[in-house]
Structure formats: structure tokens, C-alpha cells
1. Tally the residues that are farther than 19 Å from Glu411 by Cα and either touching a residue at least 24 places away in the same chain (Cβ under 8 Å) or among the aromatic types (Phe, Trp, Tyr) (or both), restricting the search to the range 450-465.
2. Looking at the structure I just gave you, is Arg374 within 23 Å of the chain's Cα centre (by Cα), at pLDDT below 95 and not hydrophobic (A, V, I, L, M, F, W, C)?
3. I'd like to check something: does the range 164-180 contain any residue that is assigned to a helix (DSSP H, G or I) and over 23 Å from the mean Cα position of the chain (by Cα)?
4. Kindly indicate the residue of the range 88-103 that is surrounded by fewer than 20 Cβ atoms within 10 Å (Cβ to Cβ) and not basic (Lys, Arg) and also nearest to Lys56 (Cα to Cα) among those meeting that condition.
5. If you go through the range 392-402 one residue at a time, do you hit one that is touching a Leu at 6+ places or on another chain (Cβ under 9 Å), loosely packed, with under 15 Cβ neighbours inside 10 Å and closer than 20 Å to Leu363 by Cα?
6. Could you list, in sequence order, all residues of the range 331-340 that are within 19 Å of Lys301 (Cβ to Cβ) and over 16 Å from the mean Cα position of the chain (by Cα)?
7. Could you tell me how many of the residues in the range 68-110 are touching a residue at least 40 places away in the same chain (Cβ under 8 Å) and assigned to a helix (DSSP H, G or I)?
8. Here is a list: Val118, Val122. Which entry is buried (at least 20 other Cβ atoms within 10 Å of the Cβ) and assigned to a loop (DSSP other than H, G, I, E, B)?
Amino acid sequence: LEFPVRSVTVIEPSAQAVKLSRHLDEEFGDGVFRDDRVQVVNVPTQLAMATAAPQKYDVVVASASQAAGMSLQANYTVEFYTNVKQHLAEGGVFCQRLAYFDLGPEVVRDVSVSLSEVFESVSLVESSPGELLFLATPHATELVTEEWVERLQAEHCRRVFARVGWDWSVATRMSYLSAESFREYCKKGQASTVEDPHLSWQFPLEIARWDTKALQTRESLAAHATALGSQLTEIENPEDIAHRLDDVQQKYKVMANNPDHYWAYRKVLKQRLQDRPRTELVQVRHEGLKRALHSEDARRKDYLETLGQIAQTEQPTAADIETLTRFCTPYDPLLSDFAHFEAAHLYSKSKDGDPRLAYNHWLHSVLYAPPEDRSVRNVCATLQMLNQFPESVETPVDRWDHINALLEVMERRWVMRMQSSDRTKYEPIDTNRSIKAVQLAVETLDELVDDVPVSQDDWNIRKAVIEDSLLRPLRAERSLQASRYSVKPNLN
């Protein structure tokens, strides 16, 4: 519903699943089931597709990724795909998701052959390691075109990508089999039909089989795959994508190479404006077309100026700080995530700050960091907000869950720190700060245990795990640091 669609029909065979989804949406969601565009049909998927289509759809999505359940076996047959085809409008696309991390190459190839028996053009995208998206159309056409890049840059697309920490350009790096490569890939294999449903019997056995199946499947696909962006041979200004991907890489480098010192991004951002300035033609009233600073570079320049003004304020107001958040959208890899980091720090100087706003900025800086990030100060600050301000989250259960999640992040980052040879003179300070934050978090969890659906016995086990996996290693690390950084006596 983030996209400009006119209607969405949800087919769900389980009445209980629909009931539960409605309840969760009312309690914690955005009320999507109240949207007039949404219609829920409580029938088996195969029956819905076999029924004459009352309307045609631009997109049909089969989102179930696991192929092991018997109720889903028919979704991989030629007959099912034939029924889906009748529901597609002119130029419509069928998208089917398949998790292959437990499937060998033969099974994935047979699913591919079944699709190619029905649809004239089929492409394949690996959206994430172990996850495939089949994109099928009834007509011979290539889906990835120059227009596709323009759609990726649309505001609603960029907003959805940003939720998972992606820039739109990241999609151009996904592994991709074009329609032509897909036909080559399908030269071997056997289609699954209702008359010969061999996949129905093969799926469970394949999942139970012990082997390096995901690796084998990835290698078989890689023999025919290229980067999705490589299909865009005639795109205007291809260097824009290359520059954008370079910005994404710079973001990860700043975060991974400067733990607890994200401010390094400012230098990178300024260098981009100085070394790689961009211009564009804009319509000026009464003057016609004029060349001006590119809108994205203008936003970056405006952001740095706004940040400088707020940073010089002795006690910035919450309204001043929140002006930074308007630069977070549309997503910019060298700006958006760092703006939350800046806002979180500025709230420590504010006198009228809302704890929940400050907490959300700290939480963003923790959760949207790359896996290689070894920063612990932002984790400590986020835990401190939860310890000191219960109103940072809505309920005690949320507070309990967030604290436990942050403790897991703390443990993972300290494991990487202890394995790294890159140490700083501030390491002992970070260790002490982390120990104190964890101890206060445990005290807070002790107070919350009566307000959450967790037994005292389970909490005692969890507390012991925190002690063994986090506090004890931190204390040992502190002892090592004390000997490493201790001042040697002068015996002369």
C-alpha cells in the first residue's frame, strides 16, 4: 500500500490466519485492513486461481517462500501457472518467491522449467542470499529497462528501500538471469504437472537431504547470471549509478572503519560536493531553462549548513533538531542514516527534548549500521535511554524486548572488538561504559519481569546467559586493558 495501487486482493486459505492478522494490524499495525483498496478472499490459493477472473491484475504475487508444506505443492505445477496467467492484465507480471537455501539445483531448475512452459518471458532475481524471485510475463519482453531505473528512483520505492537500509542503486547489484539466460538455464530439467507431480514428492525429500545444496544451487545460477545493472546498456548517464553505488560503499566504510566516530562522514560528504559537483537543467520562471546545482547536491549542501547552525547553538530546541530529519527522505546513503546519529547527539544538549524522539534516533543509529560496525557507545546511549526514560517506548513489553535486543547487539560488537587488532586509547573507557550499561540494563529487566509474559525461572536463565556471554568477557577484557595500559614504574 506504499505504492500508488488502486486495489489489492489478498488470498489466504486460513481463516485463523486472517483473524490473527487483522488483530495484530489493529493492535500494532497501520490499519491496512481498513483501507478501501484492500479485499481479503478466504479461499485456497489454487481454487482462487482456477476460478474465472472477475478482474485482471497488473501484478500477481505468490509470496510463500517455503516449498515444504503439502498445501503449497500445487503452486509449482504447470496447471497452477496456467491459471495464474489468465488473471494477468495486458503487460502484467507474475512474481513468485522461492527460498532455495535448502534446495539443490535440480529442484530449482524443475521449478524454472515449469514456469517457462507457460510464460513467454521469465527472469530471475536473487533478492538476498538464498531468496529467489521469479518474474514472468505472457509476452516476450525484457523487464529490466531504462524505465525500470526511473521507477526505482520514485519516492515511494526509495521509501520502501530505506526501511531495510537500502539505497535504490543497491538493486542494480542483485544477481539476475535475463529472459535469454533463463531459457539457457532451463534447457535441462523437467516440468511438474498435475499428471506428473514429481516436485510434490521431491520437495520434502530434498529439504531433508544433507548436502551443500545452497552452494550448489548458487553456483549453477551464477553460471548464467550477471549483475542486474549490467542489462542497462543504453541508459542515459550510467555514471550516476556508479557514483551512487560508490556513495553506498563509502557509507559502509565510514561506519566500519570509524567505530564510535561516525562524524567522519562529514568530510566524505564535503569532498563529494567539492570533487564531484553535479548540475542539472531546471525551469526558472521568466528565464527558461538554466543550469543549477543538482537537487541532491543542493540538499547535501543545505543539510551541512543547517547542521552547522544547530551545532553552534548552546541548547538547541527539539524543533531545531527535528529539522535535520527532513533531510532523511528521500534516502541518501551519505546523509540519511548519519542525520539520525547527529540528532541523537544534539538531544543531549537540548532542554525540551522528547525522550521518545531521542531514543528513536539512537535506535536507528544502532539498527541501521552494517554488520561490521564495532561501535558500542551508541548502544550504551540507547540502553541508557531505556534505563532512564521508560516513556521511550510504549509498553513494558516493548522495553523488555528492546533491552534484550540491544544486549545482543552489544555482545556481537564486543566479540568483533576483541578479535580486532585495531585498538584505541579510549578502549578502557568504552569497556567500563559498556559494563555499567549492561549492569543497569539487568537491573531494569529485574524490575520489569513481573510486567512481561516471562517466568522468573526463564529470566534467571537469561540473566545467567548475560553474565556468562557478556559481563564476564567484558570484565576479563578490562583486566587485560589494565595491564596493557598501566604505567610502568620508573626504577631509575
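The values are calculated or read from the model by the stated rules, or taken from the named source; none is laboratory data. Model, not experiment: these values are computed from the prediction. Don't worry about glycine lacking a Cβ; one is built from the backbone with ideal geometry, like all the others, and counts go over all protein chains shown.
1. Selection size over the range 450-465: 4.
2. So Arg374 fits the description; yes.
3. Just the residues of the range 164-180 that are assigned to a helix (DSSP H, G or I), to begin with: 168-173, 179-180.
Now drop any that are not over 23 Å from the mean Cα position of the chain (by Cα), which leaves 179-180.
Yes, there is a match, as at least one residue in the range 164-180 is assigned to a helix (DSSP H, G or I) and over 23 Å from the mean Cα position of the chain (by Cα).
4. Going through the qualifying residues, I end up with Ala89.
5. Checked the range 392-402: at least one residue is touching a Leu at 6+ places or on another chain (Cβ under 9 Å), loosely packed, with under 15 Cβ neighbours inside 10 Å and closer than 20 Å to Leu363 by Cα.
6. Leu334, Leu335, Phe338, Ala339
7. First, pick out the residues of the range 68-110 that are touching a residue at least 40 places away in the same chain (Cβ under 8 Å): 68, 70-71, 73-74, 76-79, 81, 85, 88, 91-96, 100-110.
If we keep only those that are assigned to a helix (DSSP H, G or I) as well, we get 70-71, 73-74, 76, 78-79, 81, 85, 105-110.
Total meeting the criteria: 15.
8. Val118
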